[in-house]
Amino acid sequence: MRINTYIRKKSISRRFVLLMGIYFFLFALGAAAFLTTLNMLNHSYLTESYQLTKEEKITKDLDNCFDDTFFNERGYLAFNNVGLKNNAIAQEANVRKLISKYKKINSPINNQDFIQSVEEFTSYYFNDKLPAINSIFESGDQAKVVKLAKEEVTPKIDSFQKLMNNQLQKVDMENENHLQKLIDLQTEIQVVFVIIMLLSFIILLTILGYLFKQLGRPLAKLAMAADEIASGENTTIDLDTSKEDEIGQLSATFKRMAEKVQEKEQDLLAHNEELIAQQTELEDTLTKLMENKEKLKRHNQIINQISNTLNLQEVLDSIVVNMCKIIDADKGIITMTFDEAYASYGVPLSGVNQFLTHMKIPLFEQLTATKKPFSVRRQQEIADKGYHEDKIYCNDLFLPVISSTEEVIAVMMFSSFSSHYRVSEMDEFISLAKSIGISLEKISLYQKSEAERKRNQDILNTLKEGVQLIDQSGVVLQVNHYLCELFQCSYSYFIGRTWGEWTSFMKSQVIEGEFVENLTKILDSSEDSFIYTLAHSKRMIKVFCEELYHADTMLGKVLIHRDITKNYEVDQMKSELVSTVSHELRTPLSSILGFTELLLRREIKPEKQKQYLSNILSESKRLTNLINDFLDIQRMETGAQTYEKNPIKLLPILDSVIEAQQVSTKLHEIILEIDDSDPVILGDECKIKQVFTNLINNAIKYSPDGGIIKVRIIHEEDQVKIAIIDTGLGIPKDAINKLFTKFYRVDNSDRRKIGGTGLGLSIVQEIVHAHNGEIQVESEYGRGSTFIATFPVF
Ligand code: ADP
């Protein structure tokens, strides 16, 4: 309030406003006066100019009217044209009108004489002379007209026209004078304007100078003082505080403030010292925090690196490289204590070997005893020194890796040429080694479980049954190689396959359509097993299901795919054997029984008796042959068959077999086709005979309509082939491969009545193979067959 009152009274701004107000008031006044004067002058000029222009126009009009009158009157007098006369007379009214207009003009020129002269001449001409001349002319007195004109009127007219011309010149001149006056006046006004502007500019400068003195200088002083205080100079403040205006007030306030600031500065300095001490403390704490953060970061770094893999070597490599980085080492090595595994960084192979041979065990013993890291300062070796010749030292750090059971499972050694390992860092190294220990333990556990898993898989793979483990949802967890062999796929194909995937894959390889349904039945225990046949290998597989439990928890189900092809074949064989044996035995036995009963119970003629007895003999022989065949095949299968091999000539053997067989048939002719050779083989004569007997006997049996049977000997360099060629029933193509299988018989209508056991050809094959020979068959169904036995020549 005090300041406001003060400012109202003494304020510089108030003074500034007042001065500027006066200045602008005077300026406005001057400008108004100037403009009014200018306007007035302008107005008077325009009024005068208007009067003069009007006067000039009326004067010209009068002149024109008179000229017109004179011209028409002269035309009338010259040509006697009454129209022209009337025109001349009519001009009087116009003249009179113009004279009255002229009189009304407030002309600046004194025109009273002029207008009087015009009026007199008008009266003279129009009222007096014009009527007089016209009446003389109309009276026809031309000479009088000429005389009057020449002596009086024309001179009068001429002097009147001169008067008119003079008046026009006078008005023109007056106009020019008037314009010149205006130009002079405008020049004067411009000069006055410039003077006024100069004066007002000087006044303005004076006001501003006064203000600068009052305001600028004290302000500059104030700014300098503020600057000195701000720059921390201990200055004495020299300000004029006696003035009673704003600057005075400001200076006084500033002075007080500066003094206060200087007072406070001391307090602040003391405070600042305290803060600096606190800051140093905080910085120490921050440094520690940063160190801890760095430690954690390094810790995490190594843990992350070694957690990425379960491969021991990769982990050891990663540990040694990262530890070197973390502890600022130039080289290092880590080696497992119970294992040969190790990894090194920057250490040559010879150094590694030296460490493993000489250092590992004593170091291990020392670290096992103390379980603490230690560092050694030693002189650098030649290899480390490069080109330096002076003594240089390096620091070796030895670190045990301790497991969760407090065992030393690995030892590490690092060398640094530049860093010195401080005791304070040892805790960090121990904690790093602990983390490494946990990782190595994890890997060791993984390796153990992996080895166990591999062993289990190997055991499974040795099984000659397909094994398949599926979880509760039907996903395949494990299979063995045998299952993959059965389904002709890789081991990895099955693992992880869903129920839908693997069942449809299996189904695509199985002949039976209801494979998945049957599988579902054994999985839900509604059936114990089922059998399926593989389409590609024709193997018969029986599937069982067993539940797999760990403690009380069911882990899944084990499917066992057992190959029962062999058993099935044996079963087949057994049933075929039973039916064959029963049929083949029953036929000869019933004839023997029949003939024997007849012989015993009835009186039969001696020649009939002989026939019956020879029938009994031939059926008994058939039975004996049958039983011999059974015994032969059994001996051969069990390996009990022995062969007495001697060099034997084939021709005599074939001769005797053909002779014996020819006796039994009249429908066939058996021809022996020989070349010049006499082949000898190493063989059991009896068994070789059995081979040819069987083959020729079959040729006879399976040519029921008779025909020629050729026995052809083809002697090649080191082998001899014996072909038995018939023109009988022939053999269907699909049966050819199975002919040598035991009990196999071609089951066609054309040969159902022909007796046989299906053993003959398998016995032939056994004997031929036992003589290192081969048996082949070529046949055209319905046209005949050729059986070729090949033996090595002796
Ligand atoms: P089987 O006691 O039935 O004759 P084999 O082992 O000697 O037994 O012959 C097996 C099958 O081979 C016979 O059932 C027969 O159908 C066929 N077979 C053997 N030899 C001939 C041949 N020469 N001509 C036509 N088929 C033959």
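Structure values in brief
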| read-out | value |
| --- | --- |
| Relative contact order computed over the range 512-569 (Cα-Cα under 8 Å; 6+ residues apart), in percent | 25 |
| Base-10 log of normalised Debye intensity for the range 346-480 (one unit scatterer per alpha-carbon) at q = 0.11, 0.17 Å⁻¹ | -0.61, -1.00 |
| Count of Lys pairs (Cα-Cα under 24 Å; at least 8 positions apart or interchain) in the range 576-671 | 5 |
| Ellipsoid equivalent to the range 728-794 - semi-axes via the Cα gyration tensor, in Å | 23, 14, 9 |
| Between 0 and 90°, nearest 10: helix 154-230 axis offset from the chain longest Cα axis | 50 |
| Per-q log10 I(q)/I(0), the chain, q = 0.05, 0.08, 0.09, 0.11 Å⁻¹ (Debye; single scatterer per alpha-carbon; no solvent) | -0.73, -1.01, -1.07, -1.26 |
| Distance histogram for the range 195-323 (every C-alpha pair counted, 5 angstrom bins, percent rounded to whole numbers) | 2, 8, 10, 9, 7, 6, 6, 6, 5, 5, 5, 5, 5, 5, 5, 4, 3, 2, 2, 1, 0, 0 |
| Sequence of Ile671, Ile788, Ile688 once ranked by neighbouring C-beta atoms within 10 Å, starting from the fewest | Ile671, Ile788, Ile688 |
| Selection from Ala451, Ser749, Gln690, by position along the positive dipole direction of the chain (Cβ) | Ser749 |
| Total formal charge among the other residues, if their Cβ is under 11 angstrom from that of Asn628, Lys/Arg +1 and Asp/Glu -1 | +1 |
| Anchor Lys574: aspartates and glutamates whose Cα lies under 18 Å away (excluding residues fewer than 8 positions away in-chain) | Glu584, Asp629, Asp632, Glu637, Asp747 |
| Relative contact order (%) - criterion: Cα under 8 Å, at least six apart; region: the range 442-530 | 17 |
| Antiparallel bridges, percent of DSSP beta bridges restricted to the chain (to nearest 5) | 90 |
| Relative contact order %, the range 651-794, counting alpha carbon pairs below 8 Å whose residues are six or more apart | 27 |
| Binned Cα-Cα distance frequencies in the range 90-240 - 5 Å width, integer % | 2, 7, 9, 9, 8, 6, 6, 5, 4, 4, 3, 3, 3, 3, 3, 3, 3, 3, 3, 3, 2, 2, 2, 1, 1, 0, 0 |
| Given charges at beta-carbon only (K, R positive; D, E negative), |dipole| of the chain in Debye | 1700 |
| Of Lys507/Lys733; Lys221/Lys264; Lys538/Lys721; Lys325/Lys434; Lys521/Lys566, pairs whose Cα-Cα distance is over 27 Å | Lys507/Lys733; Lys538/Lys721 |
| Rounded to 10°, Cα long-axis angle of helix 606-638 versus longest principal axis of the chain | 50 |
| Neighbourhood net charge (12 Å Cβ-Cβ; Lys/Arg +1, Asp/Glu -1) for Glu152 | +2 |
| Partner aspartates and glutamates for Lys60 [C-alpha distance under 19 Å; skip if fewer than 8 residues away on the same chain] | Glu48, Asp68, Glu92, Asp113, Glu119, Glu120, Asp158, Asp172, Glu174, Glu176 |
| Whole-Å semi-axes of the ellipsoid equivalent to the range 15-115 (Cα gyration tensor, √5λ, descending) | 58, 11, 8 |
| Note, ³J(HN,Hα) from phi for the range 643-653, Karplus 6.51, -1.76, 1.60, rounded to Hz, x at Gly and Pro | 10, 9, 8, 9, x, 10, 8, 7, 4, x, 5 |
| Helix 82-104 vs. the chain, principal-axis angle (Cα, 0 to 90°, nearest 10) | 90 |
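None of the figures in this text is laboratory data; all of them are computed from the coordinates on show. Given the structure is predicted, the values throughout are model-derived calculations rather than measurements. Virtual Cβ from ideal backbone geometry, glycine too; neighbours counted across all protein chains shown.
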